[in-house]
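Shown next, in structure tokens, is the structure this report addresses.
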Amino acid sequence: MRHALSLATAAAVLSALAALLTSAPASAAAAAPGETLTLPVRDALQALPVEEESRAGYERRKFRHWIDADRDGCNTRAEVLLQEAVTAPTVGPRCALTGGSWYSPYDDQYFDSARQLDVDHLVPLAEAWDSGASTWTAKERETYANDLDDPRALIAVSAASNRSKADQDPSTWMPPSASYACQYATDWVADKSRYRLAVDPAESTALTDTLSRCPNEPITVTLAR
């Protein structure tokens, strides 16, 4: 009798776990702005809406960026460079950066001048527009373009790799450094999850393919909207 009860309890636990895992994408979709969610990256990808994208009406100036939100003299670009420096640069008047060193994970290279770097929006502004930001307010787009609250949103990389990427998504561009593919795809899903952005069918397929070869690591995101 005791053995039968144990088997029944185990079955109930497994059933509850299965239901929880199955409902993870739905739970993510129902979460409110400001809420923090943790779930496996493949589940997070599954929770993203799959929709065709449109660039109609896009202009880069609709995302006001490189603002000085805390009014300390350093704009968003400089703040990222300071946060990500391997060796800290000297900060001069008007936040001019001299010296220092940085690592660009896109192409697995080190640089010793801030001028050799771009600060990349991991999910490009045009891609954000295509996948949902066209309906946002100007203030919401400004917040997205200057997001220092999630370190995955903005990243200092070589100017060459950033300009090669331009506004492409993972279906047409991945970092030249193959060892960074899993991190890039995982961070892309996290960034899109944070802002509830859609993925198009080709993008979804490319991310699914990449992540199938990666650990199904949990990601934690605080919803921005």
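The values are calculated or read from the model by the stated rules, or taken from the named source; none is laboratory data. Being a predicted model, the structure only gives us computed values, none of them experimental. Because the Cβ atoms are built from the backbone with ideal geometry, glycine has one as well, and the counts that use them run over all protein chains shown. With ligands, DNA and RNA removed, areas are computed over all heavy atoms of the protein, side chains included. Shrake-Rupley method; radii C 1.70, N 1.55, O 1.52, S 1.80 Å.
Observations
- The dipole here belongs to the stretch 56-150: it is taken about the Cα centre, uses +1 on the Cβ of Lys and Arg and -1 on the Cβ of Asp and Glu, and is about 520 debye.
- Ranking 132, 144, 168 by Cα position along the charge dipole of the stretch 115-225, where only Lys, Arg, Asp and Glu carry charges on their C-beta atoms, puts 144 farthest toward the positive end.
- Anchor residue 139: lysines whose Cα lies under 24 Å away (excluding residues fewer than 8 positions away in-chain): 62, 192
- Each residue was assigned an accessible area with a 1.4 Å probe, and for residue 220 the value is about 70 Å².
- Residue among 88, 198, 145 with the largest mean-square fluctuation in a Gaussian network model of the chain, springs linking Cα atoms under 10 Å: 88
- Fraction of accessible area attributable to carbon and sulfur, the chain (%, probe 1.4 Å): 55
- Calculated SAXS-style log₁₀ I(q)/I(0) at q = 0.09, 0.12 Å⁻¹ - the chain, Debye, Cα scatterers: -0.42, -0.70
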